[in-house]
Structures are given as C-alpha cells and as structure tokens.
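The values are calculated or read from the model by the stated rules, or taken from the named source; none is laboratory data. Note that the structure is a prediction, hence the values are computed from the model and not measured. Reconstructed Cβ throughout: ideal geometry from the backbone, glycine too, with neighbour counts over all protein chains shown. Side chains included, ligands, DNA and RNA excluded: accessible areas come from the protein's heavy atoms. Shrake-Rupley method; radii C 1.70, N 1.55, O 1.52, S 1.80 Å.
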Amino acid sequence: MRKKLVIGNWKMNGGRATNARLLADVVSRVSGADGIDIAVCVPFPYLGNTSQHLFGCRVGLGAQDINEHESGAFTGEVSGSMLIDFDCHFVLVGHSERRDLFGETNERVAAKFEAALKSGLEPVLCVGETLAQRNAGQTNEVVFEQLQAVVDRVGVSRLQDGVIAYEPVWAIGTGETASPAQAQAVHLALRDYIRALDSQTANDVQILYGGSVKADNALSLFSEPDIDGGLIGGASLDADSFSAVCLSAKAAS
Ligand code: PGA
C-alpha cells in the first residue's frame, strides 16, 4: 500500500516573518493528519530558518531545485550536499517552470535526478504536457519521454527512491484542474509504462498530481487509485488551504 504524500511548493514566495507564521499554523493544523507524509519546498534562502522551525515536526523539508554538479565554479547554484546540510529530504527536479523558463532539457533533469539520489535526497520528478500537446493527443508521449530520460540515466528501479509528480502545464497556477478521471488516466498510463519495465517499481513508486489542487478538489483527486497525493503550489501559501489539502489526503488514504 503506497502512503499518501503532500508536498507544498512555495515557488518564489515568502518572507522571514510570514514564513514563521505560515509554518507554525500549518504544523498545528496538520497534527491530526497521521499516516501520511507532508513536506514543504521553500526558496533556498529560507532553508536554514525553515529547517529550525520544522525541527522535530512531522512536516518535512525540501528544495525547489538542485545543480547536477557536486561543487565548483557554478555561480548562483546549489548542490545536493548543501541541501542535505540544511536537512532537506526532498528536492523538485524538472518543474515545468524550470523546463519552460530556464531551458531545462529532459537530459539535464535526469542529471539532476541522479545528483539528488547521489546526495541522499529524494527527488520529485515533475512531468507534464502543455495544452497544445494535450490537444494534439501527445500527452502520454510527452510524459513517457520525460520519464524515460531519467530511466536511461539511473535505471528503472531507482525511480522508487524518488517520487513522480504529474503536473499538466495547463493546470499549473491557472485555477483549471485536471478532472480526477483525466489525472487518473495519465497516472495509470505512467504506472503501466513503468510496469512494462519493472512491476515492483510500478507498484511502489508514488505518483503525485499537481496543478491547481485546492481544498475543494483534493479529496476527489486523491481518491483515485493511482494518485498518491499532491504537489501543491498556490494553496500551500495559505495555512487553511494547505492543511485542508493534507487532511483530504488522510481522508483518501
Ligand atoms: P499550483 O502549482 O498548485 O499553484 O497550480 C502547482 C505546482 O506548480 O507545483
């Protein structure tokens, strides 16, 4: 039985004072959500403070990006060992904003996934199609290609040491969510694709849904058999919304 997992992605939002309040509120409101895993991926400058806030709490810590190199002359970049230094457990790789706005290719994302594993982090591999690709009937082809680049790099069984997040680009930050049936169809297609390579990995790997998940749609999404939780952007910036999403994951598990 796969455990439900809810990860907040704060993106480039936050501030020291507001973070402290948000974290305190989230921690107190999710105290009843036992049996599921919860984490927040915060901007790099706030990792230290957030790690202190979350010390001993059931809410884990993650980062939003990683450089594929271990150290060296890469101005502005952050390595896996640095993230470990700040108690990160998760790191997002291949978020559509990184792919689209910062030109990250499937191969670079795969290198980041591998670097995260080598550092002892749990990478969250984001995959998803644009609206044009969906309309052209290319959804499965796109997400399979994104996944295959990682499989080529690390081998299929290492997918179990990470998490997959299906995030249709057209649903991110738009208020437009994939319907539970639309999301489930892609999650199942991803799991079947992995199953053809390794059935154990297919059964074990968590596949999260992301894209305008909110308190009022989380339960129906998380109740689908192949949706193992969510990657939450906008709603993770509000303690009421984020904790309601977490409690929906508990209700669905
Ligand atoms: P959203 O973002 O929940 O605001 O749509 C999700 C994400 O980008 O991970």
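Assuming 0.36 nm per residue, please report the length gained on full extension of the stretch Asp34 to Phe144 beyond their Cα-Cα distance. List each step's numbers first, then the result.
Working: separation 110, 0.36 × 110 = 39.60 nm, distance 3.31 nm.
Full extension of this stretch gives 36.3 nm more.
Could you tell me which helices of the chain pass both thresholds, a Cα extent of 24 Å or more along their own axis and a mean Kyte-Doolittle hydropathy of at least -0.5, with helices taken as whole DSSP H runs? Could the numbers behind the result be given before it?
Values: long enough: none.
The answer is none, since no helix passes both cut-offs.
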Gln182 to Met12: extension gain in nm, 0.36 nm per residue of separation minus the Cα-Cα distance? 58.3 nm
Computed label-point distance, nm, for sites Arg21 and Leu101 using a 7 Å Cα→Cβ extension: 2.4 nm
Separation between the His89 and Asn203 pseudo-spin-labels, each 7 Å from Cα along Cα→Cβ, expressed in nm? 2.4 nm
Semi-axes of the chain from the Cα gyration tensor (sqrt of 5 times each eigenvalue, largest first, whole Å) come to 25, 23, 17
May I ask which residue of Val59, Val30, Val42 lies farthest towards the positive end of the charge dipole of the chain, with charges of +1 (Lys, Arg) and -1 (Asp, Glu) on Cβ and the Cα centre as origin? Val30
Can you pull the percent of the range 120-209's accessible area that's carbon plus sulfur, 1.4 Å probe, other chains left in place? 46 percent
Taking the highest mean first, how do the peptides 27-39, 11-23 order by number of other beta carbon atoms within 10 angstrom per residue? 27-39, 11-23
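Can you tell me the dipole magnitude for the chain around its Cα centre, using point charges on the Cβ only (Lys, Arg +1; Asp, Glu -1), in Debye to the nearest 20?
For this selection, approximately 480 debye.
Please give the per residue accessible area of the chain, computed with a probe of 1.4 Å over protein heavy atoms only, in Å². Before the final figure, lay out the partial values.
Details: 10840 Å² over 253 residues.
I get 43 Å² per residue for this part.
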Phe90's amide H: which non-local residues (gap 5+, or another chain) put their own amide H closer than 5 Å, with H modeled 1.01 Å from N in plane and none for Pro or chain starts? Leu61, Gly62, Ala63, Glu122
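Shape verdict for the range 53-160, please, from the Cα gyration tensor: rounded (a/c under 1.5), prolate (a/b greater than b/c) or oblate. Intermediate values should be presented prior to the final figure.
Numbers: a/c = 1.83, a/b = 1.66, b/c = 1.10.
Prolate, because a/c is 1.5 or more and a/b exceeds b/c.
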Which of the residue pairs Lys112/Lys250; Lys214/Lys250; Lys4/Lys250 have a Cα-Cα distance greater than 19 Å in the structure shown? Lys112/Lys250
Quick one: of the DSSP bridges fully inside the chain, what percent are antiparallel, nearest 5? 0 percent
